[in-house]
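**Student:** Following this message is one structure expressed as structure tokens.
The numbers here are math on the coordinates, done by the rules we state, and not lab data. What you see is a predicted model; the values in this text were computed from it and never measured. All Cβ positions, glycine included, derive from the backbone under ideal geometry; neighbour counts span all protein chains shown.
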Amino acid sequence: MRPFFTVLLIVIVLGALVTLVKALVPGGVPVDQPIAFNHALHLGDAGMECGQCHTDAATSRFAGLPGKEVCLDCHDIDEEEGSHPEKDKLFAYADSDDEIPWERVALTAPDVFFSHRRHVTAGGLDCLHCHPDQPLLTRPPATTGLVMAMTDCIACHEERSHTVDCLTCHR
Amino acid sequence: MAKWGMVIDLDRCTACQGCVTACQAENNLPPTGAVEADRGRNYTWMEMIPFSGEGEHPKPIERLLPRPCLHCDNPPCVKVCPVGATFKNEEGIVGQIFSRCIGCRYCTTACPYTARYFNWSTPKWPAPMSDHLNPDVSIRPKGVVEKCTLCHHRLQNARDQARAENRPLRSGEYVTACAEACPAGAMVFGDMSNPESEVSKLAHSRRAFKLLEDLGTDPKVIYLREGD
């Protein structure tokens, strides 16, 4: 066999393998959060609302990730220290000058501009409309991932007779 | 439905290029450097077009015409785009979706005003400019065509504020960066569909003219010539 066809065959086989692996393994980049935050516990038993920690959702493009002072509003270092390893991580941040280095997991493409404010305040959407699985998570997601696909956005906009002008989201 | 447009009064314009600078800062337009600029590869969504040859020595007249994308009502660029990356939206803004563009440059050829720019290289900003990019505007990658969007992100921000306060969008709340920066007040931006708006009245004044009007592109950026 000619060298050209050998190389071509190898490229095709490798391409097929990469595609297969991508299809089988869940997408996104692995994320290791500084604290294994339990959404189910906080939204369930503790009866909290999303906006108590993600304080900017109604006023900003980004919902915001909570600083340690938000956690320490509820958690008492004197009473709870040593009661849970993840709480101890929080208290270690509380004792240091460092902020909790949360990693963003819900990312959009660089040219997509999603505004939480527009959807929460003007649209009146509940957080669970787009994040239905969040109250069930006992650990942070292991990988980054797009929560929404464009087809989901367009379906919702068409259902509510909202604009589907490309400029609304893409710039 | 609003129809956004702009009037540029050439009698007031002092060619200070404040609009050019404001546009570049607002829309994350990278400096290309002398070599690329010499090859005609500058990114100037708002460009000063020089016209000379009038007047005689010792008083030659040099005219400069600020030229953004004219957001034609009958845009030739939209007709030639094979992938639907450029389009006219319902408010008359000619949009460009960078992620859909395949970089064929049909539109740059079709635009009679040369208001479209092809990204010949990955954009780079020297420090400290790189720390001061506008987070409301994307960084366009190499290999796509880009153009003035009439600062559409400003319209969205103004509209968000109005909705949050449960009121309609006020006149003057949405202004492009170039019009906002113009120290001579030569640029007036607003809703062309409102006959009471300043921009609409100026667009119907005796001094108004459209660039290359005989082409039938029907631009929504209208110029005012000298005179009373």
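**Student:** How many residues does the range A:104-127 hold that are over 24 Å from residue A:37 (Cα atoms) and either β-branched (Val, Ile, Thr) or touching a strand residue (DSSP E or B) at 6+ places or on another chain (Cβ under 8 Å) (or both)?
**Tutor:** The total comes to 4.
**Student:** Ok, one more. Could you count how many residues in the range B:111-149 are out of contact with any helix residue (DSSP H, G or I) (no Cβ under 9 Å at 6 or more places or on another chain) and within 17 Å of residue B:39 (Cα to Cα)?
**Tutor:** Counting residues in the range B:111-149 that are out of contact with any helix residue (DSSP H, G or I) (no Cβ under 9 Å at 6 or more places or on another chain) and within 17 Å of residue B:39 (Cα to Cα) gives 5.
**Student:** Got a sec? Which helices (runs of 4 or more DSSP H) wholly within the range B:135-224 have at least 2 residues that are farther than 21 Å from residue B:18 by Cβ and more than 14 Å from every other protein chain (Cβ to nearest Cβ)?
**Tutor:** So the answer is B:198-203.
**Student:** Further question on the same structure: Of everything in the range A:147-171, what is acidic (Asp, Glu) and away from chain B (no Cβ under 14 Å)? Give them in sequence order.
**Tutor:** Result: A:152, A:158, A:159.
**Student:** In the range A:122-146, what count of residues is obtained for those that are surrounded by 15 or more Cβ atoms within 10 Å (Cβ to Cβ), under 21 Å from residue A:163 (Cα atoms) and more than 10 Å from every other protein chain (Cβ to nearest Cβ)?
**Tutor:** Residues meeting the conditions: 3.
**Student:** Restricting to the range B:5-16, name every residue that is among the hydrophobic types (A, V, I, L, M, F, W, C) and either assigned to a strand (DSSP E or B) or buried (at least 20 other Cβ atoms within 10 Å of the Cβ) (or both).
**Tutor:** Initially, the range B:5-16 is screened for residues among the hydrophobic types (A, V, I, L, M, F, W, C), giving B:6-8, B:10, B:13, B:15-16.
Within the range B:5-16, B:6, B:7, B:8, B:13 qualify.
**Student:** Please find, within the range B:82-112, the residue that is farthest from residue B:218 (Cα to Cα) out of those that are at the interface with chain A (Cβ under 10 Å from one of its Cβ atoms) and of a type in the set (Phe, Trp, Tyr).
**Tutor:** The selected residue is B:98.
**Student:** Answer with yes or no whether residue A:119 is within 14 Å of another protein chain (Cβ to nearest Cβ) and under 17 Å from the mean Cα position of the chain (by Cα).
**Tutor:** In short, yes.
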